[in-house]
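Down below is the structure, laid out as structure tokens.
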Amino acid sequence: ADGPIGDIELAISDVKIERVGEVPEPEKLPTPVGLVASNMNDTTLYTAWAAVENAVSYKLYIYTEAGEEVKTLTVTNGQNTPFEELGLEGGNYYAKLQAIGDGVNYLDSDLSAPSAHFTVPTVNEGEPKKLATPFGFVAEIYEVDKFRTAWGDPKDAPSYKAYIYSEDGTEVKVLTVTDGGLIPLSELGLPAGSYYAKLQAVGDGVNTLDSDLSPQSGTFVIA
């Protein structure tokens, strides 16, 4: 016969729950200030602001003059965004900025105050587009006997013309130049004196039109 089954004693130890320190509530990031959203050479939108500590990224909200939100994009401080990428119709707009948190320790900020208005140029299909005005133009004497030209953007115009002026503002020479190009002073045929220059991006006359003249270069001296 089976032996008696003894009492089975279950000893359940106390379950000890330790309370680990309180998890801090995520902190809302400060609202960005100093937002600048402005045209750059009529081809790009320049954005800049005072950096927000602990932000992981920033979102730009673009509105029509009537206050309708039409575009949201992630931007970096000092970014130039081509208007073509924005895909906005020609007209006046303004923007607001939001600092984005990591979602754990920091939450997204409120939207900033609106920027000043900026204008997206109207581009009519089939009509030639005016090239952007060159910037960062340098015209200088190089190695005593050469004339050197260089500039920032744009780099993609069909060609470029440098307009050379005497100190009194009289135009004395127009010539085709290249970025980083060197021209012997003997080819310039200019008498000794002080000069400055301006640069123009030259269009093809079909799809692109000539740009406005750039701001003047520094003064260079032909001895």
Going by what's in this entry, would Tyr94 be described as farther than 30 Å from Val56 by Cβ, surrounded by 13 or more Cβ atoms within 10 Å (Cβ to Cβ), at pLDDT 90 or above and of a type outside the set (A, V, I, L, M, F, W, C)? no
Of the residues Thr149, Thr133, only one is touching a residue at least 24 places away in the same chain (Cβ under 8 Å), touching a Gly at 6+ places or on another chain (Cβ under 9 Å) and either surrounded by 11 or more Cβ atoms within 10 Å (Cβ to Cβ) or more than 16 Å from Leu213 (Cα to Cα) (or both); which? Thr149
Return a yes/no flag: does the stretch 108-125 have any residue that is crowded, with 17+ Cβ neighbours inside 10 Å and modelled with pLDDT under 90. yes
Is at least one residue of the stretch 166-180 out of contact with any Asp or Glu (no Cβ under 7 Å at 6 or more places or on another chain), under 30 Å from Ala37 (Cβ atoms), in contact (Cβ under 8 Å) with a residue 12 or more places away in the chain and of a type outside the set (A, V, I, L, M)? yes
Residue ID - farthest from the chain's Cα centre (by Cα), chosen from residues in the stretch 143-158 that are assigned to a strand (DSSP E or B) and closer than 12 Å to Ile222 by Cβ: Lys146
Do any strands (runs of 3 or more DSSP E) entirely within the stretch 16-107 hold 1 or more residues that are within 30 Å of Ser211 (Cα to Cα) and aliphatic (A, V, I, L, M), and if so, which? 36-40, 44-48, 57-64, 69-75, 91-100
Subset of the stretch 196-215 [of a type in the set (Ser, Thr, Tyr) and assigned to a strand (DSSP E or B)]: Tyr196, Thr208
Output the residue which, of all residues in the stretch 95-115 that are among the hydrophobic types (A, V, I, L, M, F, W, C) and within 10 Å of Pro26 (Cβ to Cβ), is farthest from the chain's Cα centre (by Cα). Val104
In the stretch 159-191, the residues that are in a strand (DSSP E or B), loosely packed, with under 15 Cβ neighbours inside 10 Å and of a type in the set (Ser, Thr, Tyr): Ser159, Thr176
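Going through the stretch 167-223 one residue at a time, which ones are of a type in the set (Lys, Arg) and under 25 Å from the mean Cα position of the chain (by Cα)?
Lys198
The values are calculated or read from the model by the stated rules, or taken from the named source; none is laboratory data. Computed from a prediction, not measured in an experiment: that's the story for all the values here. Please note: Cβ atoms are built from the backbone with ideal geometry, for glycine as well, and neighbour counts cover all protein chains shown.
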